[in-house]
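What follows is a short report on a single structure.
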Amino acid sequence: MNITVISYPLQQINYTIEAERSYHAGKMVKYLWVDVAQAVSDEYIEITYNGVVKRC
């Protein structure tokens, strides 16, 4: 199960984390900290987890 974090439009933040697969993997990730200071010129961040895209 991957967690992808990308900032737009310049993609100054762009990484994917491989979350361990297990029976309870969908409930394991409760908090995700993103250092938004890395996206100095970007306007928003998309976080994709378990097929769901959230835009911040």
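The values are calculated or read from the model by the stated rules, or taken from the named source; none is laboratory data. Because the structure is predicted, anything quoted here is derived from the model rather than measured. Virtual Cβ from ideal backbone geometry, glycine too; neighbours counted across all protein chains shown. Accessible surface areas use protein heavy atoms only, side chains included; no ligands, DNA or RNA. Shrake-Rupley method; radii C 1.70, N 1.55, O 1.52, S 1.80 Å.
Odds and ends about this structure:
- Looking only at segment 1-12, and only at residues there that are part of a strand (DSSP E or B) and surrounded by 14 or more Cβ atoms within 10 Å (Cβ to Cβ), the one that is modelled with the lowest pLDDT: I3
- Residues that are part of a loop (DSSP other than H, G, I, E, B), surrounded by 14 or more Cβ atoms within 10 Å (Cβ to Cβ) and not charged (D, E, K, R) were ranked within segment 31-45; the one that is modelled with the highest pLDDT is A39.
- Residues that are modelled with pLDDT of 70 or more and open to solvent by 80 Å² or more (accessible area, probe 1.4 Å) were ranked within segment 13-30; the one that is nearest to E46 (Cα to Cα) is N14.
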